[in-house]
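The values are calculated or read from the model by the stated rules, or taken from the named source; none is laboratory data. These figures come from a predicted structure and were not determined experimentally. So basically every Cβ, Gly included, is an ideal-geometry build from the backbone, and we count neighbours across all protein chains shown. These accessible areas exclude ligands, DNA and RNA; they are computed on the full protein's heavy atoms, side chains included. Shrake-Rupley method; radii C 1.70, N 1.55, O 1.52, S 1.80 Å.
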Amino acid sequence: MSAPSVSASTPEIISIPRQPTQFGFGSSVVGVEARIKTAMPSKQGLYPHEILVLSYAHKFYTCGNSFQGFWWYKYGVRDVQSVLTSLMNRGFLKIGDVKAALKSQTATAIEEVLRAHGCKVSGKKAELVQRALDEIPEDELNKRFPKRLYQLTKEGKQELEEEAYVPYIHRFNTLDLDIWSFNQLMHTQPTKPFREKLWEYLTERSAYHLSRGNFGHYRNLATTAPGVVDAIMDCQEKLGYSDNELKTALRERMAQLSTPLQLFEVDECVQIVFMERDEDKKGLTKLYAKAKETFKQKYPGIKV
């Protein structure tokens, strides 16, 4: 499913020249005002971009933020700060406490204030934070670290739990699928878990491309099924396996499997499981790039 189309009656599409986007340089960006006309709000009335902002809110201060470019060129959000303010006014966010402010500081900054008050400066960062809270007056900490982060309220936490598909789809981009298009897909069968729906979508699209010989697209859709990594790690815990023991067991099982096209070596598949567990995006990107080159050499007649 592609992103929602924009009809002549929707708000204007704003073009950003020479802006690198998922659609290429110089591509038009669909503003969020147009996006929400074809999107479905959550039970609590939030749209996908607002839910995504909720998932990032703990990283933002109540003022003076610099926001990543993807908010505009991927999701059409010009003013992230106004979204944060709106979410706080509606009870999904609150201003964070001094503990959250301390946790956002570097260990060096916390050591400085501890040293100034004659406190020990040894230990891990979590220990430094707790020591500062225990031994330094709160008003002094407030003066030293006045900037405050946002925190989720009970309603905000509930919203992220119920709409977990939004940050998931954002983190793991899939061909022809983003938070807007998946929002529409979710509401065709709202009672079905999003991981199950996503896996059905990937399976269907993979079969479509494979049946038509579009092996490049088929390869791009190959991914770890949502929830599979969690299930594997649950098994590891129940069996009491170390990481090395689990890797050995996975290699043995994966060596018995076969696919129409071998996209990854067995060891690469095992690496993917652990990289997914650790959310090692850099490692996954490097591995996929290597696999792509190997695929091109092995299947030179297939465009990828």
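Structure notes:
- For beta carbons closer than 9 Å, sequence separation of 6+ or different chains, a first residue in segment 145-157 that is acidic (Asp, Glu) and a second that is outside any strand (DSSP E or B), the qualifying pairs are Glu155/Gln44; Glu155/Arg90; Glu155/Gly91; Glu155/Phe92.
- Test result for Ile95, modelled with pLDDT of 90 or more, open to solvent by 60 Å² or more (accessible area, probe 1.4 Å) and either aliphatic (A, V, I, L, M) or farther than 22 Å from Trp180 by Cα (or both): yes
- Of the set (1) modelled with pLDDT of 80 or more; (2) open to solvent by 40 Å² or more (accessible area, probe 1.4 Å); (3) closer than 28 Å to Phe194 by Cα, all apply to Thr223 but (1).
- Which numbered condition Val113 misses (of (1) modelled with pLDDT of 95 or more; (2) in contact with a helix residue (DSSP H, G or I) (Cβ under 8 Å, 6 or more places away or on another chain)): (1)
- Verdict on Val113 being touching a residue at least 24 places away in the same chain (Cβ under 8 Å) and open to solvent by less than 60 Å² (accessible area, probe 1.4 Å): yes
- Among the residues of segment 63-82, those that are in contact with a Leu (Cβ under 9 Å, 6 or more places away or on another chain) and buried (at least 17 other Cβ atoms within 10 Å of the Cβ) comprise Trp71, Tyr75, Val77.
- Top-ranked residue of segment 130-172 - restricted to ones that are hydrophobic (A, V, I, L, M, F, W, C) and under 22 Å from Lys192 (Cα atoms), ranked as surrounded by the most Cβ atoms within 10 Å (Cβ to Cβ): Val166
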